[in-house]
Number of protein chains: 2
Amino acid sequence: MQLVVAGTMALDTIETPFGRAERIVGGAATYIALAASYYVRPVGIVSIIGTDFPAEMLLKLEERGIDLTGVVRHLSKPSFFWAGRYHADMQGRDTLETQLNVLEDFPDTIPNSYKEAPFLLLGNLDPRLQKRIYEQISPRPAVVLMDTMNFWISGAREALEEMLGYVDILSINDEEARQLAGDYSLRRCARAILAKGPAYLIVKKGENGALLFTKEGETFFFPAYPLEDVFDPTGAGDTFAGAIMGYIAREGVLTLDVLKEAIVQGTILAGICVERFGPEALLAVDESELQRRREVLLRMSHFLRLPA
Amino acid sequence: MQLVVAGTMALDTIETPFGRAERIVGGAATYIALAASYYVRPVGIVSIIGTDFPAEMLLKLEERGIDLTGVVRHLSKPSFFWAGRYHADMQGRDTLETQLNVLEDFPDTIPNSYKEAPFLLLGNLDPRLQKRIYEQISPRPAVVLMDTMNFWISGAREALEEMLGYVDILSINDEEARQLAGDYSLRRCARAILAKGPAYLIVKKGENGALLFTKEGETFFFPAYPLEDVFDPTGAGDTFAGAIMGYIAREGVLTLDVLKEAIVQGTILAGICVERFGPEALLAVDESELQRRREVLLRMSHFLRLPA
């Protein structure tokens, strides 16, 4: 297995100003694995689904080179379910309903075929579970990327801080970075977080792009892909992380240059994701479209007029 | 006169999480002219001050090559006064008090020495007043940049839309762009606004940088200068516009390449401005610091790894 992805697979009901989608497939691992599959294969998922998870989507994932050996299907419970409504500005959202369902039975063992994977992406999960998955891969993966959320920062801080010592890249949003470091200045937050372990911190800012901070004290800025409309922001952060890790896995090595290009790829794929409901747009991305959008993104950020 | 700047000169009382400054010099024209003075001289201001405006600041402005022939000092009224308090996130702010005072007597004639100026920056003022100032320069300036605010967008829309037909560059923030165009998508807003006249629209997003939209349909992104702390955001947008116009005036011509570099310069000077209370940091900018920060800004935006 080239890349192992641990995270939820879910059913989501999503309301946006553009419409409503009822019980469509979602979950971090779904978005992550689909995004990564454009760069590296096979991608193995560690997750759990319920009796109601559509078999059709499992086939589509497999068609994209995604290995589901590590996905447990529960025999009696329904899938993890989330319902949310996005605000008119598409930035904020309200959670209308969360049903954990199978999530309580998330597997803490991974298939033997995953156990030597050189790349690991730990999606947003209980950090104690992230640790158990991390520990089963030996030798230690070459690169580990982790995501988390406010719920674990406040509710499982000790376990989360321990995990920071094991990861190479942490990818969180600006609010989470501020909560995790207890400061407003993102630059000071970055220093505090990087001091706990990761070599790189990626701070996601939605339509305002992303920042990359390095342990050496450097900062890099990446704009979001310019879109007319954001149709459904669900999964954008997971898609971003999945493409980043997929690209790194394809290159086989984590350097600053590789990571910068990986973030450009993540930006492009996240932009594609949010143009349709759920992961639909990620099922069939035209690779020439990736190249076209990369040129748009580079051109829009190209303000150099050297020498001054 | 190389560049004429019309705008307020004010006294401000500012509260931020870092402290409080009482009745310090502010006003759009003050920030604009100081910023522009690092690129072009002389810069002539059209404004009005009251009996309480400190003569010491007038001397400092003159020392920076700023011509005050067009600044009327009222014989009996106090200066325009604004008091505001910034929120902890330094993005939002509450206006605690506004005293128009001399602002009602803003001059609508400009000195003869200003009347052939090739560059004009119309700071945030009543658009009817902006028009009277604009009309007194003949031949029509080579480049006109305008700023405005929500108050005029809702209260003087017709006059403001007429002004859009006379300007080359409009520089406003994201909320103002959305209010002016009545849409949420900034890209659609930009198309609607550019259709009314300007060749270029600059949308300011504070700590999230700025976007440049062109009439030809191109978009460019500029990150904010990375700062540990923003001490006082007052005047950042005016400083940004002043440096942009100063740089254009120094180059003598408005091309897309010149404008892109001008926005880099505006970003740098705005970053310097917000590190101290009021316009203090703009009084003595070390020019080698501009060059140093330019390199930081270019490096942080340099994510190209060509070919893909």
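Brief remarks follow.
- Selection within segment A:245-274 - free of Cβ contacts under 8 Å to residues at least 60 places away in the same chain, in a loop (DSSP other than H, G, I, E, B) and either among the aromatic types (Phe, Trp, Tyr) or touching an Asp or Glu at 6+ places or on another chain (Cβ under 8 Å) (or both): A:VAL274
- Qualifying residue in segment B:279-290 (condition: modelled with pLDDT of 95 or more, within 17 Å of the chain's Cα centre (by Cα), in a loop (DSSP other than H, G, I, E, B) and more than 11 Å from chain A (Cβ to nearest Cβ)): yes
- Boolean, B:ARG276 is over 26 Å from A:LEU297 (Cα atoms), of a type outside the set (Gly, Ala, Ser) and away from every other protein chain (no Cβ under 13 Å): yes
- The set of residues in segment A:226-235 being more than 10 Å from chain B (Cβ to nearest Cβ) and either surrounded by fewer than 23 Cβ atoms within 10 Å (Cβ to Cβ) or touching an Asp or Glu at 6+ places or on another chain (Cβ under 8 Å) (or both) consists of A:PHE231, A:PRO233, A:THR234.
- Count of segment A:193-225 residues which are closer than 15 Å to A:GLN265 by Cα, within 8 Å of another protein chain (Cβ to nearest Cβ) and outside any strand (DSSP E or B): 2
- Scan of segment B:49-82 for residues that are farther than 26 Å from B:ASP94 by Cβ and touching a residue at least 40 places away in the same chain (Cβ under 8 Å), ordered by number: B:LYS60, B:ARG64, B:ASP67, B:THR69, B:GLY70, B:VAL71
- Which numbered condition A:ALA190 fails, given (1) crowded, with 23+ Cβ neighbours inside 10 Å; (2) within 13 Å of chain B (Cβ to nearest Cβ); (3) of a type in the set (A, V, I, L, M, F, W, C); (4) under 20 Å from A:GLN265 (Cβ atoms): (4)
- Selection of segment B:249-262 for residues being of a type in the set (A, V, I, L, M), within 13 Å of another protein chain (Cβ to nearest Cβ) and in contact with a helix residue (DSSP H, G or I) (Cβ under 6 Å, 6 or more places away or on another chain) yields B:VAL258, B:ALA262.
- Scanning segment B:108-129 for residues that are in contact with a Ser or Thr (Cβ under 8 Å, 6 or more places away or on another chain) and surrounded by 22 or more Cβ atoms within 10 Å (Cβ to Cβ) yields B:TYR114, B:GLY123, B:ASN124, B:LEU125, B:PRO127.
- Residue match in segment B:145-152 (condition: charged (D, E, K, R) and within 13 Å of chain A (Cβ to nearest Cβ)): no
- Boolean, A:LEU75 is surrounded by 19 or more Cβ atoms within 10 Å (Cβ to Cβ) and of a type outside the set (S, T, N, Q): no
- A:GLU176 vs. criteria assigned to a helix (DSSP H, G or I), in contact with a Lys or Arg (Cβ under 7 Å, 6 or more places away or on another chain) and more than 13 Å from chain B (Cβ to nearest Cβ): no
- Counted as qualifying within segment B:1-97 are the strands (runs of 3 or more DSSP E) with 3 or more residues that are farther than 18 Å from B:VAL274 by Cβ, namely B:3-6, B:43-49, B:71-73, B:80-86.
The values are calculated or read from the model by the stated rules, or taken from the named source; none is laboratory data. All values derive from a computational prediction rather than experimental measurement. Backbone-built Cβ (ideal geometry, glycine too); neighbour counts: all protein chains shown.
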